[in-house]
Structure formats: structure tokens, C-alpha cells
1. Of the residues that make up the range 305-312, is at least one in contact (Cβ under 8 Å) with a residue 40 or more places away in the chain, crowded, with 23+ Cβ neighbours inside 10 Å, outside any helix (DSSP H, G or I) and on the phi > 0 side of the Ramachandran plot?
2. Please verify whether residue 352 is in a helix (DSSP H, G or I), farther than 23 Å from residue 587 by Cβ and not assigned by TED's automatic domain parsing to the domain that holds residue 550, treating the condition exactly as stated.
3. Among 905, 938, 946, 951, which is of a type outside the set (Val, Ile, Thr), surrounded by fewer than 18 Cβ atoms within 10 Å (Cβ to Cβ) and not assigned by TED's automatic domain parsing to the domain that holds residue 53?
4. Quick check on my filter: what residues within the range 195-222 are over 16 Å from residue 45 (Cα atoms) and touching a Pro at 6+ places or on another chain (Cβ under 9 Å)?
5. Condition check: over 21 Å from residue 283 (Cβ atoms), free of Cβ contacts under 8 Å to residues at least 40 places away in the same chain and under 35 Å from the mean Cα position of the chain (by Cα). Does residue 318 satisfy that?
6. What is the residue count in the range 220-258 for residues that are over 12 Å from residue 311 (Cβ atoms), under 34 Å from the mean Cα position of the chain (by Cα) and not aliphatic (A, V, I, L, M)?
7. Mind checking whether some residue in the range 782-792 is small (Gly, Ala, Ser) and modelled with pLDDT of 85 or more?
8. Determine, yes or no, whether residue 31 is among the aromatic types (Phe, Trp, Tyr) and at pLDDT below 80.
Amino acid sequence: MADPPLERRSTTPSPPGLLRPRLMSAPQGVFNPRLRLAVGPPGTGKTTLLTQWAAHCPGDVVWYQSGSPDVKPGKMFSFFACALGAAVEREPASSFPDLARAAELLDRHFYFVVDDLHLLAGTSLEEELEQIIAVNSPHMHFLIGSRHFPRINMAKSELRNAFSVFGDDLRFRDYEIEQLFRTTFKHPLSVHGISNLAGVTDGWAAALHLFHLAATSRSNLERRRAAESLNSRSRFAGDYLVNHFLVGTTLDMNRLLSVTSLLDFITPSRCDALLERHDSRVMLHRLEHLGIVSTDDDGATYRMPKVLRQYLLAGLEQMEPEEQVALRLRTAAMLELEGAVGEGLRVLAEGGDWESVKLLLARAGTAALQPGRCGWAASIPDHVLTDDAWVVVARSREMLDDGRVAAAEGAAARIPDLTTDPECLRRAEDLRLQAALWSGGGEAPSADTSSWEFRKAIRGDPCAAARSLGERREPEDLFTGLSLLLAGDQRSALPLLIRCAERLDMDPVSALAAQLALAVAGHRFDGTDADATAAEVDSVHRQAERRGFTWLARLAGGMQAALSGTAAAFAAVNSAIKTCEDRGDEWGAALIAAGAALLRLRTGAADLGQLEALARRFRRLSAGTLEAWAWSAEALVSANLDLPCAPENAQSAAAFARTAGVPGALAVAYAAMALQKPEAYGELMRQAAETAQSGGLVCRPWTWLAPCRHELVLPSSLPRDVPNGNGPSIEHSDGNTHPWPERAPLPSLQITCLGGFALSREKVPVDLSRIRPQARTVLRILCLNAGRLVHRERLAGILWPDLEAPAALHALQVSLSCLRGVLQHEGQSGGGQLLVRQGAAYALVLGTGSTSDLADFEQSLHAASLAKSAGNTLGAAEELRRAVGLYSGEVLPEDGPADWVSGIRESYRQRAAEAAATLASVELSLGNTAAAAAAATRSVEIDPWRDESWRTLVDTFWRLGDPAAAQRAQRRYDLVLNSLGVTAE
């Protein structure tokens, strides 16, 4: 038997399609899982993902394509045995025990890829594959693609860390569609075009590719217009659906799909009722097996892909008009009997049968007016709205669900002119009061006490509102939790919101709102798992769309756009805000803007203009609590930028937050004040921390911002330039106090502490040969703390520990005087300004254009962390490369084991090693295997005791196809372990 094609890769080939990092990485804590599964309907990109996975496998890769008609017993075993035998250079195994023994000979990773496993379902080959997977070798890995979940016992211990990707995971998100067309297809689309294409195709990979092919020959303008105008009637995917997607279906199956395309979801009982048969469950199971419909609840309900449903609905329009009407009436009647009145009204409304709509609405009454059930009312023509009160009530409900509160209030106010029906009038008044609660700035009474208390929480004093709501217990978990969250009490809010989020079946709108709040400002808001946060927001978006909660879906869509952190994402956020404004949804616009501002603040990229505009938005909406947060965030950013208006902004924000009764915003304002008051920095920061702690604020927003790169002096530690002579005073070394004078810009300094000390002034090396060793040590200490104050007693204690305090301080003054003379060039001024005293402390001031390798290193690590939190893998890689490149050696090696530097030196060494290790992982996720090897090598050079770095290095060399280097690295790692008394595995 000929050996199967065994691919040994020395370099990683470029895989097809867009590389999506969220699908490439296994969950945290899972390293190189033994089994990876890609399960989804046809055309969702399973084969592409398998190819991308295989391209990044660190070892031998063997492909098995399941399309062969030869499925005789033993074929799978023989194929695998030959491949494994070739890998270990042995004869193929003839039994499973022999196979297990051969697997023990593997000294590198071995990957077996099986695509289209569903074609082998029920055959002996599927059973053989399960037995092969059961061979428990840590070097054997399996990548499997299938239309349905394979019959593999996932409970086995060797598969406990399996990594599975399903159809919904494979769906392209909006930001991925933007990247796909911009980077892969080289045909960028507009923000509106991307949003529309995502809505019509539901992110289905095949549909996106088909649209690209259909539009390739068009001009850029025509292509963008085509994406923007694409609708459910477009038939660009028709041929693919007929010739590929629906292959294997029978006439009965096709009829079932056609008839049920009117339904939001399919059940066996619905199919039996519409088709007048009793075997629909069997057909649905077969359709699921073919990958044409999917189920999330073990066959209770099914859904078909959005593109397929649109294609089938377009096909219904080819029926005779009488047949169409009859089918819709029969479907609506069936749904009415089932209690799904809203869905029945949608079926009739989409057919334009408004008389039947009126009749069904009159029969159903308030049962048809529940949240999310009136989306159909958006298409009611004007002439129908003039004479039927229940239809107008439905329109008001639809407007309220869509966030158009002013329009909803106006529509509900018209009802008394159309009817005297007491039930209709009562329902209309309820809707009017709900809408009035959120429209305009004036207060409105409401029969719904909980809504009124929550509205008061948004106006101000959310803690009091939360206490009032808390007395009502579980039914008010959402409003109580949100009120506490508005106050900044994350600690108390999160348990309530989590409990509310779990009640999706009982109260779906509250549960989804709680899920969105948790995703944006809850337990994942530490930024450690951006992909998980995006998945949660995406889930809320899809669930809200399916359930008819259009306002909540639009809100989640805006948040989803902001999460990717790209320039295109910010354009999408602005588009979402404008969409809300155009629809009259002021609350939606404000909350999307707030979510985007919060996410930008969290990633250190806050925009002052955005925050100021946000505060004004909330003022127009009489949302004092939210306005307080906006002003405090604006004050924090102003203080971080050291703007002239920052002190006043911080004071105003603190006063506003105090008046509005928002402890969390007050804590942020205190932190902003601390940055502006160096003399009270410690006290104010303690006050900020204590206010946050007592108020339940878990996050610390003032830690999210790094100093601007052009301003390396911390505003909390040094005095500012003031244009007149009436500014702050500074105490000089002569003991007298002088006003801070006007002065020319400070000369720039270039400081190097990594790998050896060096100092330049205006890029000219400073000659330090004229000063004593103690003075040079003082200079190195000040450079190590550049931009920060160092107390004189600390300096004196380091340099002259054996002298009495007066003598030590005198010696320090002499050294500082020498330093001022050195820092000032002959014939130039500025040295005295570079070295300043504030109280009993000294600092080296860095003027514009100054650099410090330690500060640059810190900035790069901070920027990398923010980029990683935002899901910007490329940005994280760039910053990590910069940080690792900056670490040219230990901090101030010339000072040896001195106590004042050894702790700092060790801290930077560990952080540099960690940065290099992280860079190696990031490079691997980007497919840069050689760069990953270099980064891992650098990590173990810096810190040879890091297990993770050694393992990554060994693994990376295997990926590069360099077994000799991998073995050398493994031996070096074993020596390290042996030196620690640890037995190498």
C-alpha cells in the first residue's frame, strides 16, 4: 500500500481567506488541544478554517478527505497507520495495540485532518476514527470538520480540552466583514454597506464570497452601492443554494422548507399542521443531518439560514396570488391557535392583508401587544392608521420597542379620538405613560412604579432609587442592578444582574438588557478577554433581533462595533449613532455614544470632544447621573493631558457628582483632582480609592490612562509652566521661596538606563567626568525616576548612610550643585530648570522632545496591554516588539548589587521576559513563526527560569520544521529543570 501524502512543513504556508484570531486560539489554559472541531452548515467556512489551523500546526500534517466512495471497513485505520508509520519511520501498524505502540515513538506533534466527516456518519470508518482518537498520545492531534457534531465520546479524559467551533462562531461579524473586503478581497465597502451586507447574509461565508464574485467586475462606486442596496429579494446566492446547499433534499423536504420559510422558527408540530402529515420530525432530523437546518435545543425548534429563508420567501412570490393568501391565512391561523399571535400578525402583514390583520388584532387584544411582538406594525400604511384604534396601539408599541419614545407618545395620544373601547383606551394610556417617562425632560407620572424609580435613578441619586427598588425583590432585579451600576456600585449590582440575565425564558427583554450591561460594564470589563466580551454582546444582538427587541438590538450592535477598536469600527459607531438620531431615538444615540466612550477610555484612547458632547447629550435628556460620569471622565482625561482647564474641570466634576449623588463618578473626579494637585496627591488618591471602595466601584478608571508620550513628567509631581508670574511657587535649594518665572522651553534630555547609563542634552552627550562618583550616583537615581520626585532624605540615606543627617544633606546639596553645572552647557541656560526642588524632594524635569528608555518601555507595555484588551492583535504585536527591542540589557548594570536599584532591575527583567514570551504567543497567532521563535529565544535569554517561554520555544521550532533546534532547546530546558531539582518530563 502506498504511503498517504504526508506533509512536512519547513515554513508555514499562507492559508486562504481572512485569518480570524478568535477562531485560531483555544480557550485560556488550553495549550495545543488534542481535538479541534469545526461544525457548521455548508458554506460556513469549515474547510478554510481547517486549512488555517493546519497551516499553524507545529509538526507533521496529514489530510484525509471524506469524499471517496470507498468506505469499506479498515480504510480509515490503514490510512492512519501508514501516515503514522511514515512519521516514526516504522512499518504501518496492523492492529490498534500496534498503533498505540507506534504513537509512543512520536517525538514531535502529529496532526490528522479529516474534512467532511459527516459523509462517513454511520459507517465503520467513523467508528475507526473514534478508536484512533482514543489512542492517548500527547503528540497526536486531530482536526475535524463536519456538518453535524460527530459521534465521538467527548467525555473521555483525553478529550477534556477539545476546542470546538460551531456555525454561529463561524459567522462573520461586522468588523470581520470589513476586514475581509478590505484586506482579502481588496475591495473596501462603506460602513452602511458592511452593516447591510451583514444583515442580509447573516455573516454566511458563502454568501459573502458570492456577493464578492458578483460585484468584482463593477467599479468601486457601483460595488459600494450594491452592498448598500442589497435586500432580501436579491438572488445572487440562488445558484449556490440550489446546486450545492440543497443537494440531497427530496421533494417533500423542499416543500417543507418552502412552506415553513414564513415562520421565525420551525417545530415538528408546526410542519405537521401546515403540511397535513405526521412525519415532519423525521424530515427535520434528516435536514439537520444535511446541515440545512440547525437546532439549539435538541430538536424542539429548528432554524434555517437567513439567506436560504430569503431565497425561499422570494420563491413563494411565484405562486398564484390566491395560493399565497391561502397559505398565509392557514399559517396565521395555526400560529393563533398556538398562541404566537405576534408571529401570525407578521405573516399577514408581510402579505399586505390588512383586513385580516385587523381581525386577528381585535381577537387577540393585549396579548398581541407584548414587548417585541409588534415589529410588523412598522410597515402599516398610513391609510390603515386612520380608522382602527388597535392598529394605532400596535404602532405605538412598535415605536416604543424601537426607542422612538416621542413618536410612540404621540401615536398613543391619538387613540381617544378613534375609539371608546375601555380596554383599548387603557392599553393606549399605559403606552403613553411609558413613552412620556423617557420623552422630553419633564417628569411624568407612571403606573409602573419600578420604571419611574429607575427613571429617577438616571436623573440623580441612584443609590436612593436602588434602595427603593430593592424592597420589591426579584422582579425588579434589572432596575435595581442598573441603578446600583449607575451609582458605581459594581460589587452590589453584578449579582443582581447575573441573576436577572439567567431568566431568559421568564423575562427575555430584562435578561438580555442585563446580559448587555454585564458585558459592557460588568465582570469582563477588566479587558482580559476581549473575544469573550464581543461574543456576549453579539449574542445579545442576535437574540434581541430574533425576539423583536429592535431598540436593544440596535444598542448591542453599536456596542459590538465599538469593541473591535479599529478605525472602521469608530466609523461604524458614528453611523449607528446617526441612525438612532435619524429615527428619533435620542436615548439609543446617547447610550451607544456612552458605550463607545467607555470602551475608548478603557483602552486609553479617550476623546475629550466625545466626552464633552456626551455630557451635553445627557443634559438634554435630564440624565444627571450619566452626565456626572461623563464630566468626571472628561476631567480625568483633561488632567492626564495636563490641560490648562484641567484643575477647574476636576473641581466642577467633583461638585457635580456630589450634587447628583453618584459616588463612583465622585471617586473618578477625586483622582482627576489628585493629578492636578501634587501637594495633595497622596491624600486625594486615598480619598478616590476609599470613595470607590465604600461605593462598590471595582474598576479603577484612573489606572487606564498612561501619560501622553510627549509629556513624560507626571503632572502629579512637578509644577507646571504658568504664563505669568502669579503662578505656583517653588522652593529652591537656597531655602527661599520664589515665584515660578516665565522661561524658555526646557532643553530635551535623552536618558538611557537599560544596558548601561547614558545621558545626552539636546542629543549631545553630557560630560560627567568632571563630577564626583557620589554626584553621578545621584544623577542616575534621578534619571531612574525621571519626572518623579525623590525625597532628599532617601537620596542622602543611599549615598551617605554613615553621616549624621545635617552632614548628609549638606553633601547632597554639594552634589546637586555640581549636577546643575553639568546639565547647563557653557554659554547656555536651562540646567537649573532641569533639576528642580519641590518641598523636600527633587526631580529631573523632562522637556518637550525628551526621551527615557524606561518610560518608552513602560509606554509600549501599556499600549500593548490596551491593544490586546481591545482585540487589536497587530497593534499589540507592534508595541511588544518595540518593548522587547528597547530592553537592551539590565537596568544600570554599572551600579552592581546596590539595594536602591536591584529591586527595580529585577522587576524590569521579569517584565521584559514576560513581554518577549507574550510576543512569541502573539506572533504565533499571526502566523509569524520565525518571529515567534526569535521572541521566545529572547525571553529565555532574559530569564532562563520561565517554563512558559521554554515550552513555547520548543513548540515553535517544531512548527518551523527544525527538529534539531527543537531538540537543542529541549535539552537546554532540561538542564534548567535539573539545576532546580525538577525532573524533566
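The values are calculated or read from the model by the stated rules, or taken from the named source; none is laboratory data. Here the structure is a predicted model, which is why all the values come from computation and not from measurement. In this analysis, Cβ positions are derived from the backbone assuming ideal geometry, glycine residues included, and neighbour counts consider all displayed protein chains.
1. No: zero hits.
2. Considered against the rule, which asks whether it is in a helix (DSSP H, G or I), farther than 23 Å from residue 587 by Cβ and not assigned by TED's automatic domain parsing to the domain that holds residue 550, residue 352 comes out as no.
3. Answer to the check: 951.
4. Within the range 195-222, just 220 meets the criteria.
5. No: the conditions fail for residue 318.
6. 8
7. No; the residues of the range 782-792 include none that is small (Gly, Ala, Ser) and modelled with pLDDT of 85 or more.
8. yes
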